[in-house]
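Notes to accompany the following structure.
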Amino acid sequence: MLESLTSLLGPLIRPDMMVSILFLGALLTYVLGKASTSARNILAILISVFVALLVFLSYGEWSSVSWRPSVTPTGIRFTLSLNILSWFFALMVSMVSALGMMYAVGLKERIERENAFYGLSLVLMGSMLGVVFSSDLLSLFIFWEIMTLSSYLLITLAGKRAYRAALNYMIISSVGAYAILLSIAMIYSRFGTIQFSALAGTLGRANPLFLAITLGLLAVGFAVKAATLPFYVWAPPAYSEAPDSFTPVFSGALSKLGPYGLMLFMYAIVGLPALAKFGTFRGISDFGYLIAILGSLTSVIATLYAIAQDDIKKLLAYSSISQIGYVMMGIGIGTSIGVAGGLYHALNHAIFKTVLFMGAGVLIYTTGSRKLSDMGGLGTKMPITFLTMLIAIFALAGIPITGGFGSKWLLYEAAIEKKFVFIAPLAFIASVGSFLYSFRILKSAFLGQLPDRLKDAKDPSPLITVPMMFLAGILVLFGITPGIPLSVIASVESYVGIAPLNVSTYSVYLGMDFGAYNALVVMLAMMGAMMVAFALFVFGKKAKKVDQHDTYMAGEIYEHHENVYLHYSMNFYRPLERMFEPYLRKRLERLYDAFGLGYETISEGIRRIYTGDVQHYVYYVMAFLAVMIAAGWWWL
């Protein structure tokens, strides 16, 4: 059936056609919205799902499309290609974007300029696919900038409260874009080409200093989108203030373009032998080791901030930063196990973070608040939301029977294999912390007492629950059969010049020193443990219902005070917060704020020079000439 469908849609299974369909569909959606909102919503869903289907069917249909506009100089050609690396990331982007479109229609969030929202969402999806399909530097940069601009505009659609967050995002993204552009200019001026196919054989042979500068600039640009230390400061406000309808795609899809860029340039273009020019540490390049260090530090620092959040969207924002840190760590380590773990975790993150942000949007819509302390007892009222978020939290925390366990296990093994005594403990600490903040969501939102005002709460429409159940099902499927995604990832590793991981449907083999991971055995052990726990729950001592004051005050004498909110979500992890508070106060945001204030002061001083008086400008010219002459520029 798939073969016949692929044959039928063959002319459309090309990278340029997929991107064109989305850009044209964005225009049609915007125009149609002025006549009928229902027709607009249906069209937006159909276009995004159709393109996601095209991406899925394009596996193995590797192709390349190239053209050269007459106005461009020699050596400049625009090329879009479909290969195993681009397909892997395109599948993540298209799947999350299509399901996110269904979710946005089902949530019915009040958004400024709804027509613009659906049009920009399709533009964003098209530009993200354009980034991963690009096979030349200029195409990549153009689509990168379209992606940045469209996501910026989508953030602003949340209203005035999001303007500052959107501006911060745009400013820091501009820094990354300038870094990428400068690297492109250096590469073109040196080699006279921007084609990845040509650079793959030449860039790695450049002298180490040139390679370090260009690759470092590209890494800065990609690290900005991945929200890696020290560029993560835009992400918490942007994720939390963006429209709830957009955040699942923002975190689940767009954040993967940073890791994609690193994979592309570090391994597919530059290559492992050339990376060794920077020096090596325990068998991996110093450049990769730096990326791995930054990734592991990002995971721990973001985790500590997440634990202290009562705002569910801000908590998930810091969580997203932390989990992408794991991905960067695996890519930086650069071994077969490390890259496989990083890419596998990127795929898992795209799935479970999409589910969690969808669930967060539903909870916010239901309760009218983003504070976890305003929720409680919703597990019985919203069982589908509860179950799907529970599975996603299992994956986030790395608990067995979900794909998250397998990907984190590979990352731990990769760090241990290289005896990284700094990276491995940080990864473990971040994983423990991820369980703590995940438990806060479960306990605060779904367990405990149900507020009277939420007694009519219920699960949302199928447009939301079906995507959430579908993604949760994939997490369980990958937990039982890790060979399905890891076989594709092994092909990606072969494509970029890394020894592929040895996998089967249910097992991952790491060699004599580290043995193997059998998902079926882990699943059976987990099911056995759950059955024991269930038996204890059924046949053990029955729970006794007590007054809320007893559970909150832990048996202490209660004295009624007005404005005292008896809810366990208040100061949930206060002892931990007190422990880390002195360190958490030293936020990078303060450094950026100080830099911004200094830049503003200097700019104001420069502005005062422009008085509008011609005589002043004559004095400036004379002073400049005097300085030049004094410096020895006699030919002036």
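The values are calculated or read from the model by the stated rules, or taken from the named source; none is laboratory data. Treat the numbers as computed from the prediction; the structure is a model and nothing was measured. All Cβ positions, glycine included, derive from the backbone under ideal geometry; neighbour counts span all protein chains shown. Ligands, DNA and RNA are excluded from the accessible area calculation, which covers all protein heavy atoms including side chains. Shrake-Rupley method; radii C 1.70, N 1.55, O 1.52, S 1.80 Å.
Collect the residues in region 164-180 that are of a type outside the set (Gly, Ala, Ser) and out of contact with any helix residue (DSSP H, G or I) (no Cβ under 6 Å at 6 or more places or on another chain), keeping them in residue-number order.
If the condition is that a residue be of a type outside the set (Gly, Ala, Ser) and out of contact with any helix residue (DSSP H, G or I) (no Cβ under 6 Å at 6 or more places or on another chain), then Arg164, Leu167, Ile171, Val175, Tyr178 are the ones that fit.
Which ones in region 1-25 are under 16 Å from Val131 (Cβ atoms) and either among the small types (Gly, Ala, Ser) or assigned to a loop (DSSP other than H, G, I, E, B) (or both)?
Residue satisfying the conditions is Ser20 alone.
All but one of (1) surrounded by 14 or more Cβ atoms within 10 Å (Cβ to Cβ); (2) in a helix (DSSP H, G or I); (3) of a type in the set (A, V, I, L, M) hold for Val521; state the number of the condition that does not hold.
Here Val521 clears every test but (1).
Mind checking which residues of region 491-515 are outside any loop (DSSP other than H, G, I, E, B) and among the charged types (D, E, K, R)?
Glu493
Condition first: at pLDDT below 95, hydrophobic (A, V, I, L, M, F, W, C) and open to solvent by 50 Å² or more (accessible area, probe 1.4 Å). Can you find one or more residues in region 71-84 that meet it?
Yes, region 71-84 contains a residue that is at pLDDT below 95, hydrophobic (A, V, I, L, M, F, W, C) and open to solvent by 50 Å² or more (accessible area, probe 1.4 Å).
May I ask you to list the residues in region 484-502 that are within 19 Å of Asn348 (Cα to Cα), among the hydrophobic types (A, V, I, L, M, F, W, C) and open to solvent by 20 Å² or more (accessible area, probe 1.4 Å)?
Ile484, Val488, listed by residue number.
When region 299-315 is examined, which residues are found to be open to solvent by less than 30 Å² (accessible area, probe 1.4 Å) and within 12 Å of Ala445 (Cβ to Cβ)?
Scanning region 299-315 gives Ile312, Leu315.
Out of region 460-478, which residues are open to solvent by less than 30 Å² (accessible area, probe 1.4 Å) and not hydrophobic (A, V, I, L, M, F, W, C)?
Thr465, Pro467
Given the condition aromatic (Phe, Trp, Tyr) and open to solvent by 10 Å² or more (accessible area, probe 1.4 Å), answer yes or no: does some residue in region 96-110 qualify?
no
Quick test of your reading of the structure: Val49 fulfils all but one of (1) at pLDDT 95 or above; (2) buried (at least 18 other Cβ atoms within 10 Å of the Cβ). Name the failing condition by number.
Val49 satisfies every listed condition except (2).
Take the residues in region 355-373 that are assigned to a loop (DSSP other than H, G, I, E, B) and open to solvent by 40 Å² or more (accessible area, probe 1.4 Å); name whichever of them is farthest from Val476 (Cα to Cα).
Gly368
Working carefully through the options Ser150, Ser139, find the one that is of a type in the set (S, T, N, Q) and modelled with pLDDT under 95.
Answer to the check: Ser139.
Look through Thr481, Thr505 and report the one residue that is exposed (fewer than 14 other Cβ atoms within 10 Å of the Cβ), over 14 Å from Leu410 (Cα atoms) and free of Cβ contacts under 8 Å to residues at least 40 places away in the same chain.
After ruling out the rest, the residue left standing is Thr505.
List the residue pairs whose Cβ atoms are under 7 Å apart, where the first residue sits in region 168-184 and is in contact (Cβ under 8 Å) with a residue 60 or more places away in the chain, the second is outside any helix (DSSP H, G or I), and the two are 6 or more positions apart or on different chains.
Hits for this filter: Ile172/Phe231.
Out of Ser38, Ser64, Ser58, which single residue is open to solvent by 10 Å² or more (accessible area, probe 1.4 Å), touching a helix residue (DSSP H, G or I) at 6+ places or on another chain (Cβ under 9 Å), farther than 14 Å from Met128 by Cβ and of a type outside the set (Phe, Trp, Tyr)?
Ser64
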